[in-house]
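The values are calculated or read from the model by the stated rules, or taken from the named source; none is laboratory data. Quick caveat, the model's predicted, so the values are computed rather than measured. In this analysis, Cβ positions are derived from the backbone assuming ideal geometry, glycine residues included, and neighbour counts consider all displayed protein chains. Heads up: the accessible areas ignore ligands, DNA and RNA and are worked out on the full protein's heavy atoms, side chains in. Shrake-Rupley method; radii C 1.70, N 1.55, O 1.52, S 1.80 Å.
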Amino acid sequence: MLDNLRNIMKIKNIKQKDFASLLGINEKTVSKKLNEEAEFTYLEFKKICKFFPEYNADYLFCSNKK
């Protein structure tokens, strides 16, 4: 899972519903992407990086999946 991204969302009180709206996708799709059952598109990646400019992309998208 993308624990760093999830933790940042939690710290900033960003709900999956709001995150989905930011990315222009539905909540179920966001859940799948955060659980690494699906991948973020490049455009979604860019939006996320722009939304969290204080964090390095490598940190945001660090995968703990083995």
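Side notes on the structure shown:
- Scanning region 12-32 for residues that are closer than 16 Å to residue 51 by Cα and open to solvent by 80 Å² or more (accessible area, probe 1.4 Å) gives 12, 13, 15, 17, 18, 21.
- Of the residues in region 17-40, not one is touching a residue at least 60 places away in the same chain (Cβ under 8 Å), on the phi < 0 side of the Ramachandran plot and hydroxyl-bearing (Ser, Thr, Tyr).
- Hits in region 37-66 - residues which are part of a loop (DSSP other than H, G, I, E, B) and either modelled with pLDDT under 95 or among the basic types (Lys, Arg) (or both): 62, 63, 64, 65, 66
- Against the list (1) among the aliphatic types (A, V, I, L, M); (2) open to solvent by 30 Å² or more (accessible area, probe 1.4 Å); (3) modelled with pLDDT of 95 or more, the condition residue 1 fails is (3).
- Within region 13-35, tally of residues that are outside any helix (DSSP H, G or I), more than 10 Å from the chain's Cα centre (by Cα) and within 16 Å of residue 2 (Cα to Cα): 2
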